[in-house]
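Asker: There's a structure below that I have some questions on.
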Amino acid sequence: MFIYFSTIRLQNIYFIQKHQYSVQKYALIKYWQSKNIITNQEVLSAFKKVKRENFILKRYLKHAYEDIPLPIGFNATISQPTTVMIMTQALEVKKGNKILEIGTGSGYQAALLSILTGEKGKVYTTELIKELTDFAKQNLKEYKNIEVINIDGSAGYKKYAQYDRILFTVAIPKIENILLQQLKDPGVYLAPVGDEYSQELIKVTKKDFQIIKQSLGYFQFVPLKGEYGFK
């Protein structure tokens, strides 16, 4: 009898939590639309499909859809939803794109990109920290078009270059030519550029052998480590 009661109680808790996630998720969508922050319907659809709660530590589950960054261990974080969505929209991902992400973290950004690229697309995502690599691989098991690679991605990943899109989800000191060389023409490169405390999110568009840079505002990201990262 006690076991039966406990099972029912756990089911009720799960239902309440799932409903709470849904309410919080749609509140974020409504906010983004009301402020004209996120307007791309495919990007919003990807946000609806990917469960952020599956990419955070269990002790932070109740904060899954609060608009804040959350720790994932090893001095790393999963970025706040608004920041992730701004970056995702700015990439202008197309079906079939081949994407390089530097800074896998828990894998949440890669999951969104996986949905947007579709079955014929591919997401290569690099993570320097072995424990986070393993965490992300576990979180991304159902996403078949993602490859998580445990390397220093600060110099990119030449093995599968060139890429339609390149994204840094960590702060970088400057935009390196070695990365731009791995970007297709046309292509989009996105990175938070600055010092270890404040960065300007820069969108680089390569088209017809020209490089166009656009500022998307100021943010704060975990600093990049590795050969081309912060020392």
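Please treat every number below as a calculation from the coordinates, not as lab data. Everything numeric here is computed off the predicted structure, so don't read it as measured data. Backbone-built Cβ (ideal geometry, glycine too); neighbour counts: all protein chains shown.
Asker: Hey, rough spin-label estimate for ASP195 and LYS48, points 7 angstrom out along Cα→Cβ, what's it come to in nanometres?
Answerer: 4.4 nm
Asker: What longest range of the chain stays clear of loop-exposed chymotrypsin sites (Phe, Trp or Tyr not before Pro) (DSSP non-H/G/I/E/B, at most 10 other C-beta within 10 angstrom)?
Answerer: On the way: sites that count: TYR197, PHE209.
Longest stretch, sites excluded: 1-196.
Asker: Let me ask another. May I have the pair-distance distribution P(r) for the chain, computed from all Cα-Cα distances with 5 Å bins from 0 and rounded to whole percent?
Answerer: Result returned by the calculation: 1, 7, 14, 18, 20, 17, 10, 5, 3, 2, 1, 1, 0, 0, 0.
Asker: Moving on to the next point. Taking 0.36 nm per residue of sequence separation and subtracting the Cα-Cα distance, how much length would be gained by fully extending the chain between VAL23 and ASP134, in nm to one decimal? Spell out each step's value before the answer.
Answerer: Working: separation 111, 0.36 × 111 = 39.96 nm, distance 3.06 nm.
This chain segment gains 36.9 nm when fully extended.
Asker: What is the ratio of the Cα radius of gyration of the range 77-168 to 2.2 N^0.38 Å, where N is its residue count, to two decimals? Walk me through the numbers before you get to the answer.
Answerer: Working: Rg = 11.9 Å, N = 92, 2.2 N^0.38 = 12.3 Å.
Taking N as the residue count of the range 77-168, the ratio is 0.97.
Asker: Name the residue farthest towards the positive end of the dipole of the chain from the options PRO192, GLY156, ILE115, assuming +1 on Cβ of Lys and Arg, -1 on Cβ of Asp and Glu, about the Cα centre.
Answerer: ILE115
Asker: With n ≥ 4 as the cut-off for DSSP H runs, can you work out [θ] at 222 nm for the chain, using -39500 (n - 2.57) per run divided by the number of residues, rounded to the nearest 500? Display every interim value, and only then the final one.
Answerer: Working: 6 runs with 77 residues, N = 231.
It comes out at -10500 deg cm²/dmol, rounded to the nearest 500.
Asker: Restrict the search to the range 92-156; then list the GluC sites (Glu not before Pro) that DSSP places in a loop and that have at most 10 other Cβ atoms within 10 Å of their Cβ.
Answerer: Numbers: sites: GLU92, GLU101, GLU119, GLU127, GLU131, GLU142, GLU147; in loops: GLU92, GLU119, GLU127, GLU142.
Passing sites in the range 92-156 are GLU119, GLU142.
Asker: Rounding to the nearest 20 debye, state how big the charge dipole of the chain is about its Cα centre with +1 on each Lys and Arg Cβ and -1 on each Asp and Glu Cβ. Numbers along the way, then the final one.
Answerer: On the way: 32 positive and 21 negative charges, 141 e Å.
The dipole magnitude comes to about 680 debye.
Asker: Quick check: convex hull over the Cα atoms of the range 17-76, volume per residue in Å³, rounded to an integer?
Answerer: Here the figure is 91 Å³ per residue.
Asker: Quick check: net charge around GLY217, other residues with Cβ under 15 Å of its Cβ, Lys/Arg +1 and Asp/Glu -1?
Answerer: On the way: positive: LYS35, LYS203, LYS213; negative: GLU200.
Result for the local shell: +2.
Asker: Find how much the distance from THR39 to ILE212 grows on full extension, using 0.36 nm per residue of separation minus their present alpha carbon separation; answer in nm with one decimal.
Answerer: Working: separation 173, 0.36 × 173 = 62.28 nm, distance 2.25 nm.
Fully extending the segment from THR39 to ILE212 adds 60.0 nm.
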